[in-house]
Amino acid sequence: SFTLLAQKKEMPESSAYYNIGNCYYRLGELGRARAYFLKASRIEPRNGDILHNLKLVEARLGIPRGTGYLSFVVDYLSLDEFALLAFIFFVFAVLSGFRFYNRFKKGVFSSTGVFLSGSFAIVFFVVIVAILFRYNMEKSRSGVVIEKISLSAAPNDKATVLVEIPEGESVRVESVTDDWIKVDFANQYIGWIKKEKILEI
């Protein structure tokens, strides 16, 4: 089994996931490949090889990457790096605020001080929002469907089909039973899929 690679202590976890993803990619199992590349990218979000292969498999699956500055920042940094960045900006914002307050008490109005304090406050707010996005992504259970699958209204084979989920798409895991998983797909559909049709990341 490819997953045994991830258990070898001499191999970094991200490298193991990356290698497993490559194996599945060569076998044409693109959904599984994307799942393992995502696992690897959460550990090393700036690894060029991981990101290249993740983009490659998502292009073949027709899955668009997130766009915009916030998506870029969220994908670029790990949760620990976000926390450090937030602390640094917080310290600068507090120091700038004290400096501005002291000059204001002395009757010395500084447009530069106002600008710096405001800038640090805005950046700090953006970083905090990004941290919340990243934290939610890290802590919420999510998965990737490994093949095209029907999303059912109930956990049984005869239930109404809500929508077809393409191979490789991401879903958010809501709850788990013995054989079925309740998921949220695209923030629009909540239903059930067979447990063996999804890889949690």
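Points to keep in mind about this one:
- Heavy-atom accessible area for residue 32, with the other protein chains in place and a 1.4 Å probe, reaches approximately 60 Å².
- Residue-wise HN-Hα coupling along region 152-168, computed from phi with Karplus coefficients 6.51, -1.76, 1.60 (Hz; x: Gly, Pro): 9, 6, 9, x, 7, 5, 9, 6, 5, 7, 7, 6, 8, 9, x, 4, x
- Protection proxy ranking, peptides 173-181, 86-94, average beta carbon neighbours within 10 Å, highest first: 86-94, 173-181
- Ordered from largest to smallest accessible area (heavy atoms of protein chains, 1.4 Å probe), the residues 128, 20 come out as 128, 20.
- Cα shape, region 137-186, gyration tensor, a/c 1.5 rule: oblate
- Within region 154-201, the trypsin sites (Lys or Arg not before Pro) that combine a DSSP coil assignment with at most 15 other C-beta atoms in a 10 angstrom radius are 158.
- For residue 199, the solvent-accessible surface computed with a 1.4 Å probe is close to 30 Å², ligands and nucleic acids excluded.
- Within-14-Å neighbourhood charge of residue 176 [Cβ basis; K, R +1; D, E -1]: 0
- Proximal aspartates and glutamates to residue 195, defined as alpha-carbon separation beneath 13 angstrom and excluding residues fewer than eight positions away on the same chain: 147, 157, 174, 178, 179
The values are calculated or read from the model by the stated rules, or taken from the named source; none is laboratory data. Please read all numbers here as calculations on a predicted model, not as lab measurements. All Cβ positions, glycine included, derive from the backbone under ideal geometry; neighbour counts span all protein chains shown. Surface accessibility is based on the protein's heavy atoms, side chains included, excluding ligands, DNA and RNA. Shrake-Rupley method; radii C 1.70, N 1.55, O 1.52, S 1.80 Å.
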